[in-house]
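Since the structure comes first, as structure tokens, the remarks are kept for the end.
The values are calculated or read from the model by the stated rules, or taken from the named source; none is laboratory data. Since we're looking at a predicted model, the values are computed, not measured. Here the Cβ is made from the backbone with ideal geometry for all residues, glycine too, and neighbour counts use every protein chain on show. Remember, those area values only see protein heavy atoms, side chains included, never the ligands or the DNA or RNA. Shrake-Rupley method; radii C 1.70, N 1.55, O 1.52, S 1.80 Å.
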Amino acid sequence: MSDGYFCVTGRSEYEIVINRSRFITTLVPIENAEQAFDEIKKISKKYSDATHNCYAFVSNRENTEQRFSDDGEPQGTAGMPMLEVLKKRNVRMVLAVVTRYFGGIKLGAGGLVSAYSRSVSEALDNAKVVRCDRAKFYEVVCDYSDFRRLSDEAEKRAQITATEYGDKVTLNFAVTLDNENALIEKLTDVSSGKAQITYTGEGFFGFDK
């Protein structure tokens, strides 16, 4: 299985109406299951007058920590379909809560599965979702005369995370493991070996391109 996955960059809400029932999907980036349950409590309190607050989440990068709840809907019609959308789209480290205000028309089991799946799917379509991959982080200190060329090369193969201007320019970037060697070689070549390139760590990073 690939190490890469997708994640949301921030909290968002999305609402649809199906047969007079309101479905409000809240997406929240999370770091662990404990945070997910804390957020579920907050959202359930916010929408305490709702008919249901169903949820699903994947709380680790390995895709092995998963939880869901139908919150009173018929078994298997809400939480599991929501989780299946997250799994199918390979979205991790995210909590999805779908709040339902019943509109007076029963949807039936199939209709509920469709409604909750659609709610999460469309919420993801309307949220900012980025690709998260294993990455290495670097700091490059260079002369102003080399900065533009180094920056251009970094933008081609990596993602710049910060730029500081002082006596020299300091450029920080994240690069995938596949692009690491080629980029470091290119930066060294472009600066004729003058740029100071320092490895600063590794981890997962959300690349937005």
Seminar exercise, completed: Flagged in the stretch 51-63 as assigned to a loop (DSSP other than H, G, I, E, B) and closer than 26 Å to residue 206 by Cα, in numbering order, are 59, 60, 61, 62, 63
Exercise. Are there any pairs, at least 6 apart or on different chains, whose C-beta atoms fall under 7 Å, with the first in the stretch 190-209 and touching a residue at least 24 places away in the same chain (Cβ under 8 Å) and open to solvent by less than 30 Å² (accessible area, probe 1.4 Å) and the second among the small types (Gly, Ala, Ser) and assigned to a strand (DSSP E or B), and if so, which?
Worked result: 203/135
Exercise. If only one of 125, 167, 178 is within 22 Å of residue 8 (Cβ to Cβ) and without any contact (Cβ under 8 Å) to a residue 12 or more places away in the chain, which one is it?
Worked result: 125
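Listed here are the residues, each with its yes/no results for (1) buried (at least 16 other Cβ atoms within 10 Å of the Cβ); (2) closer than 24 Å to residue 54 by Cα; (3) among the hydroxyl-bearing types (Ser, Thr, Tyr).
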{"site": "102", "(1), (2), (3)": "no, yes, no"}
{"site": "105", "(1), (2), (3)": "no, yes, no"}
{"site": "125", "(1), (2), (3)": "no, yes, no"}
{"site": "137", "(1), (2), (3)": "yes, no, no"}
{"site": "140", "(1), (2), (3)": "yes, no, no"}
{"site": "146", "(1), (2), (3)": "yes, no, no"}
{"site": "150", "(1), (2), (3)": "yes, no, no"}
{"site": "161", "(1), (2), (3)": "no, no, yes"}
{"site": "169", "(1), (2), (3)": "yes, no, no"}
Seminar exercise, completed: In the stretch 88-105, anything out of contact with any Asp or Glu (no Cβ under 8 Å at 6 or more places or on another chain), touching a residue at least 12 places away in the same chain (Cβ under 8 Å) and not in a strand (DSSP E or B) is listed as 89, 90, 92, 102, 103, 104, 105
Exercise. Can you name the residue in the stretch 163-189 that is part of a helix (DSSP H, G or I) and closer than 18 Å to residue 142 by Cα and is also farthest from the chain's Cα centre (by Cα) among such residues?
Worked result: 189
Exercise. Scanning for something outside any strand (DSSP E or B), within 23 Å of residue 9 (Cβ to Cβ) and touching a residue at least 40 places away in the same chain (Cβ under 8 Å), does the stretch 64-87 turn up at least one residue?
Worked result: no
Exercise. Inside the stretch 11-63, can you point out the residues that are buried (at least 19 other Cβ atoms within 10 Å of the Cβ), without any contact (Cβ under 8 Å) to a residue 40 or more places away in the chain and not polar (S, T, N, Q)?
Worked result: 57, 58
